[in-house]
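**Q** The following block contains the structure, expressed as structure tokens.
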Amino acid sequence: MMLELRDVSYHAEDETGVKEIISHVNLQIDERFVAFTGPNGGGKSTLAKLIAGIYLPTEGQIFLDGEDITNRSITDRARMGISFAFQQPVRFKGLTVHDLISMASGKKLSAAEACSYLSEVGLCAREYINREINASLSGGELKRIEIAMVMARGTKLSLFDEPEAGIDLWSFNNLISVFEKMHQKMGGSILIISHQERILNIADRIIVIADGKISKDGTAKEILPALLTAKTCSALTKSL
């Protein structure tokens, strides 16, 4: 899988006028596991949504395996093999967990097949397989169900926006294991937006995004020490 962004920019309007959120980003991704990180409001989620087709770029082009997908819809990109897991998962009233995982896989899965994906994300399949996707499920449960859906799809490119947000410590430890397994099994690429050191540490490549631009790009070994030093210095400054 090769994803390429050529001179991509994205502008949005607010009460003050037009604001440049993403500014002339050039990027090629073909690694198995890539992490976007950087300060809040720096443009990470917007860039991921441009890749997924939730937003369309104001300028520039996006290519997937050499094909120009710049103006393709999110539905078209999903068919072409791009998955997107939201920071706040969507609730689908009236659909069961079994329904969703089957839909994600593109075929009618048996209960046993659907349960295997739930087990991968640390959920007791018997308790969840027939549950409805509604308010009775916690944010952490929805997160794990959404990850199970992405695994069932097995796409070229899987995007996760802060998958660790709102989950407990046990779930987070399990999450690391899930991504390591996905990393080993999947033929495509996983792109995760995260601030968590343990997630960044298992990435093949870390891309730091700040002020709508790529400020650093390299391996975890190259990028992580400086990030951790900056984080420690910031925490110390705030405590004074």
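The values are calculated or read from the model by the stated rules, or taken from the named source; none is laboratory data. Remember, predicted model here, so these are calculated numbers, not experimental data. Cβ placement follows ideal geometry from the backbone for every residue including glycine, while neighbour counts extend to all protein chains displayed.
**Q** Assuming THR75 fulfils every condition listed in (1) of a type in the set (Val, Ile, Thr); (2) touching a helix residue (DSSP H, G or I) at 6+ places or on another chain (Cβ under 7 Å); (3) more than 16 Å from VAL150 (Cβ to Cβ) apart from one, which condition is it?
**A** Every listed condition holds for THR75 apart from (2).
**Q** Residues in segment 39-75 that are without any contact (Cβ under 8 Å) to a residue 60 or more places away in the chain and in contact with a Gly (Cβ under 7 Å, 6 or more places away or on another chain): how many?
**A** The total comes to 3.
**Q** Does ARG79 qualify as being surrounded by fewer than 16 Cβ atoms within 10 Å (Cβ to Cβ) and of a type in the set (D, E, K, R)?
**A** So ARG79 fits the description; yes.
**Q** Starting from segment 79-91, take each residue that is on the phi > 0 side of the Ramachandran plot and of a type in the set (Gly, Ala, Ser) and list its partners that are modelled with pLDDT of 90 or more and part of a strand (DSSP E or B), counting only C-beta distances under 9 angstrom and pairs at least six apart or across chains.
**A** These pairs meet every condition: GLY81/LEU64; GLY81/LEU157.
**Q** So in segment 138-162, with the set limited to residues that are in a loop (DSSP other than H, G, I, E, B) and at pLDDT 85 or above, which one is surrounded by the most Cβ atoms within 10 Å (Cβ to Cβ)?
**A** Restricting to residues being in a loop (DSSP other than H, G, I, E, B) and at pLDDT 85 or above, the top hit is THR155.
**Q** Scan segment 182-196 for residues that are touching a helix residue (DSSP H, G or I) at 6+ places or on another chain (Cβ under 7 Å) and modelled with pLDDT under 90 and report the count.
**A** Within segment 182-196, residues that are touching a helix residue (DSSP H, G or I) at 6+ places or on another chain (Cβ under 7 Å) and modelled with pLDDT under 90 number 1.
**Q** Considering (1) at pLDDT 80 or above; (2) in contact with a helix residue (DSSP H, G or I) (Cβ under 7 Å, 6 or more places away or on another chain); (3) over 30 Å from ARG6 (Cβ atoms), say which one ARG126 fails and leave the rest.
**A** Single failed check for ARG126: (2).
**Q** Here is a follow-up. What's the total number of residues in segment 13-48 that are among the basic types (Lys, Arg), surrounded by fewer than 20 Cβ atoms within 10 Å (Cβ to Cβ) and within 19 Å of ALA210 (Cα to Cα)?
**A** 1
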